[in-house]
Structures are given as C-alpha cells and as structure tokens.
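J.: Dumping the structure here so I can ask a few things about it.
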Amino acid sequence: MSADGIHFETKLRSATQEVIIGRGHRFCLIGERINPTGRRIFQEQLRAGDLSAIEKDVAAQVVGGADVLDVNMGVPLTDEADLLAKAIIKMQSITDKPICIDSSVVEALEAGLSVYKGRALVNSITAEDDRMEAILPLVKKYDAAVIALPNDADEIPMEAEKRLMLVKKIVDVATTEYGIATHDIVIDPLAMPIGADTGTSVTTFETMRRIRDEFGLNMTCGASNVSFGMPERHALNATWLPMAMTHGLTCAIMDTRTPQIVEAVKAADVFLNHDEWGMAWIGASRSKKSSQEG
C-alpha cells in the first residue's frame, strides 16, 4: 500500500464527540488508569459495588490530556460482564470521551458494547483463530474498531517478519471473513520491555515502519510496557513515544496523568506537523500559564 500512499483513519465516537486516529492528526492519548490490575483497594471497592473511584480516575486522565479512555474491569470473584457494563454507563454519565473497552472475556465485551453509546474501540484480538472467531463478530455487530496483536498460540514473535505475517493474516481474516473495514483495525506492534533486552525496541520500530509503509494501518501500544523493570521510567517513556511516532505509531494506551510523557508526545506532534502552526501546543501553554497565575 505504500506505493499509493494509503494511510487509514480510524474514527471513534462517544454520544457527542468524535476522535480520529491517523497520521496527520495529533497523537491519540488513550488513558489507561481505569484498570484494577495492581490496585488492591480499587479491586476491593469494585467487589463491593463501589464505582466512585472511576470518577476520580476519569477526571485525572481528562485533565492530563486523554482523548479516549480505556476501561478494564477484570476483578477476580466478580461478574465482569455486569461490572464492565456498569462502569461504562458510569463513565458515559461523567465524560464525553470515547471509550476503549478492554477485556479478554467475550461476554464482558458484549455487555460493554451493548450499553455503549457511540463507536467504541475493542481491546483486543490476536492472530489466534478462536479469538478472532469469538470477538470479530461483536466488532462488526456493534460497528466498533478493534486493536489487534500479531501473536498467535505458538508465540509472541521476536522477529519483525513474523509479526508482519500475522498482521497480514489478521487483516485478511477480519476484512474478508467478517466484513471489518481495514481502517477499523488498529495494530499493536508488540512493544516489549527493554529491561530484559534493550534490542527489543529496534525490532518494534522496524515492525512499525513496515506496518505503516506496507499496510497504512494505525498503531497503538501499551506504552508503559517498554520501561518495565528499569529505573527513571517516565524519562524512558517520554523518549520512546516520540521515537515511535516517527515510525508510525498513532496512539498509545498510557498514563496521561504524567505531564513529562504527555508533553513529550505533544511536542513531537508539533515537529511532525500534526499540530498545525503549533496551535494546540501554544493553547496548552497559555492555559497552563493562566492557571499558574490564577
């Protein structure tokens, strides 16, 4: 697809707001915070039916710059489908940001999609046949977009070539067998922790470049993964994300409560000409200055 310069746009919506993911648009920040993993108190609250912490998490991420909010309700010993539906209803009552519905449980995904008002992003599928067979019909039924990871039952491939083969498989199956539009497939090129092997990012960048040039697809990742196990993680993430943007990354699931990382991404938008005349950067600077003076 590189020959004719195709670069797709993925459109997400809430009831009142549209967010476009794509090259030429500002980088899309997907807030990761509404997730109980590693949050014992939050898990206890959710088990007790207390969703009040979601309000604080939504507010903090939106203030930080989130364009989309990821929600995961994978709490052991709960009805995840019921909990996820309630969380989405709650979120829609307090924010107009589009939502990324994050679950490995098919019943929970359907419960979340059924109550969502808008056009969601589903997180996620792999190249495994049974996962595509279970989830892609829901993506089609509810007119959603989907994040896809190029790994299968055998392995998480460490070579870019194998990842590209699985990207092609996902795109072919999703478009021909399930009628999913190509522009609604967002690839996670597999950003691996550098703590175990500092060479993994080089492979990920190569994968990104080839997905961009050969498929024109949008890409996302779990940005916090890359620095896992390393000190000064914010500095690493704030460097890695702008580098990834130059290779085609168009959005990331990340902690938007960290100004150092958010500002690095927004600065990269200016240099990549994704922020026309730097107006968003200038506006944010003026707003920050005004709040400090106030």
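Readers should treat all values here as calculations from the given coordinates under stated rules, not as data from a laboratory. Quick caveat, the model's predicted, so the values are computed rather than measured. Here Cβ is always computed from backbone atoms with ideal geometry, including for glycine, and neighbour counts include all displayed protein chains.
J.: What do you get when you divide the Cα radius of gyration of segment 190-251 by 2.2 N^0.38 Å, with N the number of residues?
T.: Details: Rg = 11.3 Å, N = 62, 2.2 N^0.38 = 10.6 Å.
So the Cα radius of gyration is 1.07 times the expected 2.2 N^0.38 Å.
J.: Among 165, 254, 219, determine the one that fluctuates most according to a GNM of the chain built with springs between C-alpha atoms less than 10 Å apart.
T.: 165
J.: What ratio of Cα Rg to 2.2 N^0.38 Å holds for segment 1-58?
T.: Values: Rg = 17.7 Å, N = 58, 2.2 N^0.38 = 10.3 Å.
Here the Cα radius of gyration is 1.72 times the empirical estimate.
J.: Then there is this: Under the Cβ-under-4.7 Å rule, which cysteines of the chain stay unpaired?
T.: If one checks each Cβ against the other cysteines of the chain, 100, 221 turn up with nothing under 4.7 Å.
J.: With θ set to phi - 60° and the Karplus curve 6.51 cos²θ - 1.76 cosθ + 1.60, what are the ³J(HN,Hα) couplings of segment 100-114 in order, to the nearest whole Hz, using x for Gly and Pro?
T.: For segment 100-114, the Karplus-derived couplings read 9, 8, 10, 7, 9, 9, 4, 4, 5, 4, 5, 4, x, 5, 5 Hz, x marking Gly and Pro.
J.: Taking neighbour Cβ counts within 10 Å as the exposure measure, how do 125, 156 sort from fewest upward?
T.: On the way: 125 22, 156 13.
Arranged by neighbour count, lowest to highest, 125, 156 become 156, 125.
J.: Here's a follow-up. When only DSSP loop residues count, what GluC sites (Glu not before Pro) in segment 156-210 have their Cβ near at most 12 other Cβ atoms within 10 Å? Show your work: numbers first, answer last.
T.: Details: sites: 159, 161, 177, 206; in loops: 159.
Loop-located and lightly packed - 159.
J.: Stokes-Einstein at 25 °C, 0.890 mPa s, Kirkwood radius from Cα pairs: D for the chain in µm² s⁻¹? Could you put the intermediate results ahead of the total?
T.: Numbers: Rh = 19.4 Å.
This corresponds to a translational diffusion coefficient of 126 µm²/s.
J.: Go ahead and set up a Gaussian network model of the chain, Cα springs under 10 Å, then flag whichever of 269, 79, 197 fluctuates most.
T.: Fluctuation is largest for 197.
J.: Which value, in debye to the nearest 20, gives the size of the charge dipole of the chain about its Cα centre, when Lys and Arg are +1 and Asp and Glu are -1 at the Cβ? Before the final figure, lay out each step's value.
T.: Values: 30 positive and 42 negative charges, 207 e Å.
With Lys and Arg at +1 and Asp and Glu at -1, about 1000 debye.
J.: Calculate the dipole size of segment 1-101 relative to its Cα centre from +1 charges on Lys and Arg beta carbons and -1 charges on Asp and Glu beta carbons; express the result in debye to the nearest 20. Can you show the working numbers first?
T.: Values: 12 positive and 14 negative charges, 38 e Å.
The calculation lands at about 180 debye.
J.: Hey, if you drop one equal point scatterer on each alpha-carbon of segment 1-154 and run the Debye formula without solvent, what base-10 log of I(q)/I(0) do you get at q = 0.13, 0.19, 0.21 Å⁻¹?
T.: So the normalised log intensities work out to -0.61, -1.22, -1.41.
J.: Let me ask something additional. Within 10 Å of each residue's Cβ, count the other Cβ atoms and sort 190, 51, 138, 77 from fewest upward.
T.: Values: 190 22, 51 16, 138 19, 77 6.
Fewest-to-most ranking of 190, 51, 138, 77: 77, 51, 138, 190.
J.: Please name whichever of 200, 292, 173 sits farthest to the positive end of the charge dipole of segment 163-294, dipole taken about the Cα centre and charges placed at Cβ: Lys and Arg +1, Asp and Glu -1.
T.: Of 200, 292, 173, it is 292.
J.: Positive end of the dipole of the chain, charges at C-beta (+1 Lys, Arg; -1 Asp, Glu), about the Cα centre: which of 112, 211, 31 has its Cα farthest in that direction?
T.: 31
J.: Going by C-beta contacts inside 10 Å, put 289, 97 in order with the fewest on the left.
T.: Values: 289 10, 97 23.
Starting with the residue having the fewest Cβ neighbours, the order is 289, 97.
J.: What do you get for GluC sites (Glu not before Pro) in segment 228-277 restricted to DSSP loop and a cutoff of at most 11 other Cβ within 10 Å of the site's Cβ? Write down the numbers at each step before the final one.
T.: Values: sites: 232, 263, 276; in loops: 232.
Qualifying residues, ordered by number: 232.
J.: Quick query: amide H of residue 126 versus all other amide H atoms, modeled in the peptide plane; which residues come in under 5 Å with a sequence gap of 5 or more or a different chain?
T.: 132, 149
J.: About its Cα centre, what dipole magnitude does segment 185-294 give when the only charges are +1 on Lys and Arg Cβ and -1 on Asp and Glu Cβ, stated in debye to the nearest 20? Please list the in-between numbers first.
T.: Details: 9 positive and 12 negative charges, 50 e Å.
Once rounded to the nearest 20, the dipole reads 240 debye.
J.: List the trypsin sites (Lys or Arg not before Pro) within segment 64-120 that fall in a DSSP loop (any state other than H, G, I, E or B) and whose Cβ has at most 15 other Cβ atoms within 10 Å. The partial results should precede the final answer.
T.: Working: sites: 86, 90, 117, 119; in loops: 117.
Passing both the DSSP loop test and the Cβ count: 117.
J.: May I pose another question? State, to one decimal in nm², a quarter of the convex hull surface area for the C-alpha atoms of segment 245-294, i.e. the direction-averaged projected area. Don't skip to the end; give the middle numbers.
T.: Numbers: hull surface 15.6 nm².
Averaged projected area of segment 245-294's Cα convex hull equals 3.9 nm².
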